[in-house]
Ligand SMILES: O=C(O)[C@H](O)CO
């Protein structure tokens with residue numbers, strides 16, 4: 001890497017960063033380091049660590065060389081401007097004032113939860129945050145500043161009226177993989193891109209799939225209730241569970257999350273079947289020893305646990321109805337970590353009441369939450385959690401990072417890591 005001539009005639013350093021807080025930029029500049037923004041390079045936590053161990057900045061330089069050797073792409077130059085220091089010319093990175101940062105409209109970040117506060121602080125390094133309240137109170141001024149919309153949850157959705165009021169909007173960054181709550185065609189007609197976060201959500205969502213499967217098989221919720229009620233009449237033999245180990249798991253939808261589920265299931269020595277509507281995944285099959293079922297019916301008939309991991313689309317809406325439930329073993333459990341509408345819920349109520357299948361474990365329902373008097377809530381062979389697949393400290397943080405990377409890529413005209421296209 002070519003060293004930039006900076007600071008009192010001494011050859012200086014050129015440091016590539018992907019994202020950097022203003023405080024770090026200042027510190028780097030004081031060390032006589034000119035700064036280049038790059039697509040992939042040193043992330044802010046690494047910069048912080050390096051600054052902590054080496055106040056001369058040379059560790060940063062060697063890290064940059066390391067990245068360069070690994071063919072890291074240094075593309076976009078951070079604006080640097082000459083300023084005078086002690087009569088000498090130095091390259092000082094231009095610190096963007098908050099007002100100059102691209103505006104991002106925040107949808108539905110409510111509450112004062114610590115994680116959300118961190119997330120807001122993180123977003124603030126790159127964007128001027130504009131809350132919905134601020135936007136509505138001062139629509140005329142704010143609407144022109146907004147270039148991105150950051151969606152933390154699926155609600156509220158984006159409607160035509162909102163799009164019409166944001167003339168400079170370029171990207172809607174959805175935190176989460178599912179975009180069934182967005183009208184992709186309409187958004188695209190406004191020339192606005194949509195992105196999602198398929199990588200950030202994969203582990204936590206696969207974990208909740210496993211957690212539901214294990215909890216249902218071993219009747220954890222009932223066990224917990226017995227302990228809480230301190231009912232001494234109960235003996236474990238009265239409410240035996242079944243083992244997940246070496247049972248057959250049928251995964252419907254072998255995408256990122258489905259594959260992570262399969263990796264976990266392999267550790268339980270499960271026989272893994274999978275069905276994908278469009279694409280057979282030979283590499284994944286080999287890696288986890290999964291068997292492809294071209295026909296969903298074969299998977300349903302053979303599996304002890306059926307896990308739904310598909311996106312909600314018109315084709316997958318009510319994918320599992322009365323007929324499909326009827327094909328499942330009477331000892332089988334249905335687990336849903338995708339979207340509620342993938343199951344015909346009326347058919348599921350009936351199947352659970354009549355013991356057509358043994359049990360269900362759902363992290364998603366339709367609607368969410370279910371109305372208080374919904375028949376699913378009255379059954380004792382069901383576990384329902386409130387859509388917590390991505391509700392971990394790590395996943396939320398990673399979703400924000402992935403969404404920010406997507407937003408910056410769109411705004412900087414760079415390749416977009418996770419763009420979602422209308423079908
Ligand atoms: O779509 C997802 O990734 C999760 O359901 C979070 O909404």
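Listing for the model above:
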| quantity | calculated |
| --- | --- |
| Rounded Å value of the spacing that divides the Cα centres of segment 260-279 and segment 163-219 | 22 |
| Order of 275, 199 - criterion: other Cβ atoms within 10 Å of each residue's Cβ, fewest first | 199, 275 |
| Peptides ranked, highest mean first, by Cβ atoms within 10 Å: ranges 279-287, 141-149 | 141-149, 279-287 |
| Zero-based 5 Å bins, Cα pair distances in segment 266-423, whole percents | 2, 8, 14, 17, 17, 16, 12, 8, 4, 2, 1, 0 |
| Taking 273, 184 and counting other C-beta atoms within 10 Å, the order from fewest to most | 184, 273 |
| Likely footprinting exposure, 362, 352, fewest C-beta neighbours within 10 Å first | 352, 362 |
| Relative contact order [Cα under 8 Å, 6+ residues apart], segment 232-348, whole percent | 25 |
| Prolate/oblate/rounded call for segment 237-330, Cα gyration tensor, a/c under 1.5 rounded | oblate |
| Ranked packing of 322-329, 213-220, 132-139, 245-252, most packed first, by mean Cβ within 10 Å | 245-252, 213-220, 322-329, 132-139 |
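Bear in mind that the values in this text are calculations on the coordinates, not laboratory data. This one's a predicted model, so the numbers in the text were calculated from it and none came from an experiment. FYI the Cβ positions are ideal-geometry reconstructions off the backbone, even for glycines, and counts take in every protein chain you see.
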